[in-house]
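These notes are about the structure you will find just below.
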Amino acid sequence: MDDSNSPDPTASFAFRSTTTTTTPQSNFLRSHSTKETPFSNFIHSPPRLSCPTLSRSLQNSPISSPLHHRQFSPPPSPPSPTKLSDSEPQTTYHCASSVLRNDGQILSIALSSNGLVYTGSDSNLVRVWKLPEFTECGQLRTKACRVVALEVSNDTVYAAYGDGKIRVWRRTWDKVLKHVRLATIPKTLGYVRSYIAGKDKTMHKGLITAMAINTAEDILYTASLDKTVKVWRISDLKCIETIKAHTEPINAIIVADDGVLYTASDDATVRVWRRNFCSHDQPHSLTVTLHAKYSPVKALTLTADAAGILYGGCTDGYIHYWLKGWFAGQLQYGGSIQGHTHAVMCLASVAKYVVSGSADSTSRVWAREQDGQHTCLAVLVGHRGPIRCVTAFLGGRLLEDNEESCTICTGSLDGVFKVWRVTHKNLSNQTSSPPGSGAKYFELYKGLS
C-alpha cells in the first residue's frame with residue numbers, strides 16, 4: 001500500500017506503561033463555563049521505544065504517556081472543606097497508536113460510519129485507515145497535492161485539493177475494499193466555457209478551506225478564502241449558487257440536520273443561513289450573525305443531540321458556544337470555555353463530549369454537564385506541532401457497565417496521526433476500592449509501514 005517514500009517498514013514502536021493516578025486537588029481553575037485541574041498536574045512522561053534511531057529524539061520532548069488517570073474533586077464550599085468521595089468521576093486516557101508517514105503536514109480528516117478514517121496531507125495521497133485495528137487499508141492517489149478538506153457521505157468520498165478542485169470517489173466492497181474515481185468538481189469543460197464567457201461561476205478564486213454535506217437535500221457546500229460559499233448539486237455536480245457569506249476569509253462550515261448552514265470567518269462572526277425553497281434568485285438567506293468577541297473563528301462543531309449546541313473555536317484560545325432556541329437557526333450566547341493557550345484550530349463533538357485541537361500542540365476533551373458547565377476531562381499531549389484536524393466517536397474498547405469511552409483521532413502539522421482512548425468512569429455504581437487496584441499493564445506495537 002505504501003509508496004516509495006515510506007519509512008523503513010522494520011521500524012516499530014513499543015509503548016509500555018502502568019496506571020498512574022494523580023493526587024486529587026481541591027481547587028479548580030474556572031473560566032466562564034469551565035471546571036478543570038491546573039495544567040501542571042498532568043503527567044507527561046516519554047514512552048520507551050524499541051526503535052533505537054528514534055528513541056533519543058522522541059524522549060527529549062514531552063510525549064504523552066500511554067495511560068493516565070485523572071480524578072476530580074468537588075469545588076470547595078464556604079462552610080466546610082469538601083472531601084473526595086467514591087461517587088466522583090474518574091477519567092483514564094492514553095495514546096493507543098501513533099503513525100508517521102512521509103507525507104508532510106496532516107491537514108484534514110474524515111470519519112466514515114463503517115469504521116474507516118480518511119486522512120489528507122501535503123502529499124497527493126488520501127490514506128484510508130481501518131478501526132479499531134488502526135491499520136492502513138487503502139490509498140486514494142491523484143496528481144494534485146495538498147488535501148485541504150475531506151468529507152464522507154454514505155459510500156462517497158469528497159476531497160478538496162490545493163488546486164481548488166474536488167475529487168469524488170465511490171467506495172465499493174467487492175471482496176476487498178476499493179475506491180473508484182467518479183468525477184472532478186468543477187468539470188473541466190464547464191470551467192473552460194465559463195472562463196471564455198468571462199464569468200467564472202463554478203470555481204473558487206481562493207483555496208477551499210472546508211466542506212459540508214446536506215444529505216437530505218443532496219447538496220455539497222464548499223467554503224473558501226475568497227469569502228464565499230458555493231452550493232453544489234450532487235446529482236449532476238453543478239454549482240447552483242454562490243453565497244457572499246463574509247467580509248473576510250471563511251474557515252469552517254457545518255450543516256445541521258434541519259438544513260441550517262453555519263459559516264465561521266476571520267471577521268470574528270458566525271453566520272446562520274436558511275434555504276428558501278420559494279426564492280430562485282437567493283436560495284439561501286442570512287438569518288442571524290453571531291459575534292465571537294472580536295476574535296477570528298477557526299473551527300465549528302454542532303452537537304447531534306436535541307440540545308443542538310454550536311461551538312466555535314477562536315484564535316484567542318477560547319471556545320464560544322451558543323444554545324439552540326425554539327426555532328430553526330435561532331441561537332443565544334451560552335458562554336465560553338477557556339483552556340488552550342493558542343488558537344483553537346479544530347473541533348469535534350460526540351454525545352456529551354467536545355474535543356478541541358489547538359496551535360499549542362494539545363487536544364482537550366471537555367464534558368458538558370447537566371448544569372451547562374464544561375469540565376476538562378483530559379489534556380492529550382504528544383504532538384510537536386499545531387493540531388490541524390480532529391474527529392471522535394464513541395466506543396473503541398471493551399467497557400464495564402459504568403464506563404463511557406470515546407476514541408479520538410488527531411492530525412497535526414508535525415505529520416503524525418494519533419489515536420487516543422478516553423474512558424470516563426462514574427464510581428457511584430461501584431463499591432469502594434483501594435487506589436491502584438484497577439491498575440493495568442499493556443504493551444502496544446505499531447509499525448511505521
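Condition check for residue 85 on (1) of a type outside the set (Phe, Trp, Tyr); (2) within 24 Å of residue 395 (Cβ to Cβ); (3) modelled with pLDDT under 50: one failure, at (2).
Quick grid of which residues meet (1) in contact with a strand residue (DSSP E or B) (Cβ under 8 Å, 6 or more places away or on another chain); (2) in a strand (DSSP E or B); (3) at pLDDT below 95:
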site	(1), (2), (3)
323	yes, yes, yes
327	no, no, yes
333	yes, yes, yes
337	yes, yes, no
340	yes, no, no
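Each residue in the range 101-132 was checked for being open to solvent by 20 Å² or more (accessible area, probe 1.4 Å), at pLDDT below 95 and in a strand (DSSP E or B), and 2 pass.
Being modelled with pLDDT under 85 and part of a loop (DSSP other than H, G, I, E, B) is the filter; apply it to the range 186-202 and report the residue that is surrounded by the fewest Cβ atoms within 10 Å (Cβ to Cβ). Walk me through it before giving the result.
Applying the first criterion (modelled with pLDDT under 85) to the range 186-202 yields 187-202.
Cutting the leftovers down to part of a loop (DSSP other than H, G, I, E, B) gives us 187, 197-202.
On the way: 187: 15, 197: 9, 198: 6, 199: 9, 200: 12, 201: 14, 202: 19.
Checked the range 186-202; the qualifying residue surrounded by the fewest Cβ atoms within 10 Å (Cβ to Cβ) is 198.
Residue 159 passes every criterion in (1) modelled with pLDDT under 95; (2) farther than 20 Å from residue 97 by Cβ; (3) in a strand (DSSP E or B) apart from (1).
Mind telling me which of the residues 167, 181 ends up being surrounded by 19 or more Cβ atoms within 10 Å (Cβ to Cβ) and not in a loop (DSSP other than H, G, I, E, B)? Walk me through it before giving the result.
On the way: 181 fails: surrounded by 19 or more Cβ atoms within 10 Å (Cβ to Cβ).
Testing whether each residue is surrounded by 19 or more Cβ atoms within 10 Å (Cβ to Cβ) and not in a loop (DSSP other than H, G, I, E, B) leaves just 167.
Could you say whether any residue in the range 394-417 is within 24 Å of residue 149 (Cα to Cα), open to solvent by 30 Å² or more (accessible area, probe 1.4 Å), modelled with pLDDT under 95 and not in a helix (DSSP H, G or I)? Yes, because at least one residue in the range 394-417 is within 24 Å of residue 149 (Cα to Cα), open to solvent by 30 Å² or more (accessible area, probe 1.4 Å), modelled with pLDDT under 95 and not in a helix (DSSP H, G or I). Residues that are among the small types (Gly, Ala, Ser) and buried (at least 21 other Cβ atoms within 10 Å of the Cβ) were ranked within the range 205-247; the one that is farthest from residue 185 (Cα to Cα) is 245.
Here's the yes/no breakdown for (1) basic (Lys, Arg); (2) within 22 Å of the chain's Cα centre (by Cα):
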| residue | (1), (2) |
| --- | --- |
| 285 | no, no |
| 300 | no, yes |
| 304 | no, yes |
| 311 | no, yes |
| 324 | yes, yes |
| 333 | no, no |
| 340 | no, yes |
| 352 | yes, yes |
| 355 | no, yes |
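Rundown of residues vs (1) closer than 26 Å to residue 392 by Cα; (2) open to solvent by 40 Å² or more (accessible area, probe 1.4 Å), yes/no style:
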{"residue": "270", "(1), (2)": "yes, no"}
{"residue": "276", "(1), (2)": "no, yes"}
{"residue": "288", "(1), (2)": "no, yes"}
{"residue": "291", "(1), (2)": "no, yes"}
{"residue": "300", "(1), (2)": "yes, no"}
{"residue": "304", "(1), (2)": "yes, yes"}
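Here residue 242 meets the list (1) in a strand (DSSP E or B); (2) at pLDDT 95 or above almost entirely, failing just condition (2).
Looking at 348, 367, just one residue is within 25 Å of residue 317 (Cβ to Cβ), at pLDDT below 95, open to solvent by less than 50 Å² (accessible area, probe 1.4 Å) and part of a strand (DSSP E or B), and that residue is 367.
Collect the residues in the range 251-307 that are part of a loop (DSSP other than H, G, I, E, B) and either in contact with a helix residue (DSSP H, G or I) (Cβ under 6 Å, 6 or more places away or on another chain) or among the hydrophobic types (A, V, I, L, M, F, W, C) (or both), keeping them in residue-number order.
Of the residues in the range 251-307, the ones part of a loop (DSSP other than H, G, I, E, B) are 256-260, 266-268, 276-283, 292-296, 303-307.
Of everything in the range 251-307, those that are part of a loop (DSSP other than H, G, I, E, B) and either in contact with a helix residue (DSSP H, G or I) (Cβ under 6 Å, 6 or more places away or on another chain) or among the hydrophobic types (A, V, I, L, M, F, W, C) (or both) turn out to be 256, 260, 268, 277, 278, 292, 304, 306, 307.
Listed by first and then second residue, the pairs with beta-carbon distance under 6 Å, at least 6 apart or on different chains, first residue in the range 310-334 and touching a residue at least 24 places away in the same chain (Cβ under 8 Å) and at positive phi, second of a type in the set (A, V, I, L, M) and in a strand (DSSP E or B), are 329/272.
In this structure, residue 148 qualifies as modelled with pLDDT of 95 or more, assigned to a strand (DSSP E or B) and either in contact with a strand residue (DSSP E or B) (Cβ under 6 Å, 6 or more places away or on another chain) or over 21 Å from residue 389 (Cα atoms) (or both).
Any idea which of 372, 357 is open to solvent by less than 10 Å² (accessible area, probe 1.4 Å) and either modelled with pLDDT of 95 or more or in a loop (DSSP other than H, G, I, E, B) (or both)?
357
The values are calculated or read from the model by the stated rules, or taken from the named source; none is laboratory data. Here the structure is a predicted model, which means the values were calculated and not measured. Heads up, the Cβs are rebuilt from the backbone with ideal geometry, glycines too, and the neighbour counts pull from every protein chain shown. These area figures cover heavy atoms from the full protein model, side chains too; ligands, DNA and RNA do not enter into them. Shrake-Rupley method; radii C 1.70, N 1.55, O 1.52, S 1.80 Å.
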